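Report on the following structure.
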């Protein structure tokens, strides 16, 4: 795995990852944190709680198995 590539490929992947993280912080996180009125005070807490509730429900929905359909197998051994 990774043979024949050298360290240059890993350095490029690392650089792109750091660049994406920095752009995300500058373009998304900082404007919300410092300039969005809804992100401050009680409204911010409510938005955070709503986001966590949504994430929890989405995770629960993803983890619950799909129900079996069709006839129910009999419990008796005849």
> Can you tell me which residues in the stretch 35-55 are exposed (fewer than 11 other Cβ atoms within 10 Å of the Cβ) and either under 20 Å from the mean Cα position of the chain (by Cα) or at pLDDT 85 or above (or both)?
Replying inline: 42, 49, 50, 51, 52, 53, 54, 55
>> Can you confirm whether residue 62 is under 29 Å from residue 25 (Cα atoms) and surrounded by 10 or more Cβ atoms within 10 Å (Cβ to Cβ)?
In response: no
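The values are calculated or read from the model by the stated rules, or taken from the named source; none is laboratory data. Everything numeric here is computed off the predicted structure, so don't read it as measured data. Every residue, glycine among them, receives a Cβ derived from its backbone with ideal geometry; neighbour counts consider all protein chains shown.
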